[in-house]
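Presented below is the structure to which this report refers.
Nothing in this text is a laboratory measurement; each read-out follows from the coordinates by a stated rule. This structure is a prediction, so every number in the text was calculated from the model and none was measured. Backbone-built Cβ (ideal geometry, glycine too); neighbour counts: all protein chains shown.
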Amino acid sequence: MASSGEDGCGTAGIAAAAAEAAGEGGSPPPPSPGSPSDVSHWEKMAKYFDAFVSLTGHFANVALDHVAEDIQRVIEKKGEDDTCHVPVIVDVAGGTGACALEAVRRFPHARVLLTDISDAMLNVARKKIAESGIANVEVKVMDGQDLEMADGSVDALTCVFGIMFFPDRSRGWREMQRVLRPGGKAAVVTWKTPGPHVLTDEAIAKYDAEVEGKAKEEEEEGMPRGEERQGECLKKTAMDDEGRKKMLYLSSASAIADDLAAAGCHFSKVETYPSPFVWQGINEGDVDMMCSLWKKMPTIENLLTGRDIELLLAKLREVMRARLDENGHVCVPCEALLTVLTK
Ligand SMILES: C[S@@+](CC[C@H](N)C(=O)[O-])C[C@H]1O[C@@H](n2cnc3c(N)ncnc32)[C@H](O)[C@@H]1O
């Protein structure tokens, strides 16, 4: 069972003091309603998000690989000398628990704290925790820009596909720096490519080509090309999408270095590695299910208002089927960046 009480293993054990918000100079601009910087987006996404857990779970493992040695060292130290501290791992913007639950499995002698701004995302994790009877994990709603943890209280911090959505990323970076112990590490994963959105991008391109093709035919036949027809193109809307821009804010090592500099962070070491992966989380039999799921997701829902939904779904099906390998997996190349920050 998850512990969220005030006992030795509870939040109070880790969160010794509520932290001051590290930022100076005014509050961040409010997130646009429904954008991925707005908690309501994730509250809606919560019931669909686990369809992508095999994708984010892969990168969670990559992040954990980079802090594993350090955690192991603290565990061994504790084994030799009982007065040493139990290692603390915090997953920031941890969603439905892909990374935190893997951390619990890999480091049963550590304390793991799963945090996220969305209670609905965490509820999915709470359910999984209750079902598996895991004990050494706490779950707490927490804004990554304002971590309720004491300075220097964390051995390892993970943040997988989270920080780019914070309205004030500088505060997020500074909070990571503040809560880490000297020598502690943060493993931060950000998108280098649009990940599974490549499927919707391809479907949108096909949709637009068909709509444009039809419009051209009609024009050639002498039918007037009205505003409405032009407005049916989806590509521009998709590319202008705020969520998409946010997703790719930190898609290069230089963008990450600039972000850290803007935040005034001084880690002793910053290393950024590319992390390519071919996601095979959708099988032939899941294609229709994925299409109906996609249709309900907030990002797509916004895009589809007033459009020919069935046409787009048909294109999405086509795109997924074109990517099937001989084993019936839809192959989606996804590249992320792993940045390891050492305090
Ligand atoms: C793409 S999901 C990633 C979830 C999880 N890390 C994973 O990889 O499966 C992004 C997560 O960031 C969380 N998030 C967005 N803004 C946040 C903030 N300011 N503080 C904490 N979490 C935030 C969302 O609620 C959502 O769960």
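Given N residues in region 303-343, what is Rg(Cα) / (2.2 N^0.38 Å)? Present the calculation step by step, with values, prior to reporting the outcome.
Numbers: Rg = 17.1 Å, N = 41, 2.2 N^0.38 = 9.0 Å.
Normalised Rg, Cα atoms only: 1.90.
Highest first, please rank the peptides 310-322, 92-104 by the mean number of other Cβ atoms sitting within 10 Å of their residues.
Working: 310-322: 17.5, 92-104: 27.5.
Listed from highest to lowest mean packing, they are 92-104, 310-322.
Just how large is the dipole of region 265-341 about the Cα centre, in debye to the nearest 20, putting +1 at every Lys and Arg Cβ and -1 at every Asp and Glu Cβ? It would help to have the intermediate numbers written out before the result.
Numbers: 8 positive and 11 negative charges, 50 e Å.
For region 265-341, the charge dipole is close to 240 debye.
Show log10 I(q)/I(0) for region 259-343 at q = 0.22, 0.24 Å⁻¹, two decimals, from a solvent-free Debye sum over equal Cα scatterers.
With no solvent term, the Cα-only Debye profile gives -1.01, -1.13.
How would you order 331-343, 250-262 from highest to lowest mean count of nearby Cβ atoms within 10 Å?
Values: 331-343: 19.2, 250-262: 15.9.
Ranking, from highest mean packing down: 331-343, 250-262.
Give the lysines reachable from Lys127 as a straight Cα distance under 24 Å; neighbours fewer than 8 places away on the same chain don't count.
Lys44, Lys47, Lys140, Lys296
Just how many % of Cα pairs in region 72-172 lie over 21 Å apart, if you round to the nearest whole percent?
Here the long-distance tail beyond 21 Å is 34 percent of all Cα pairs in region 72-172.
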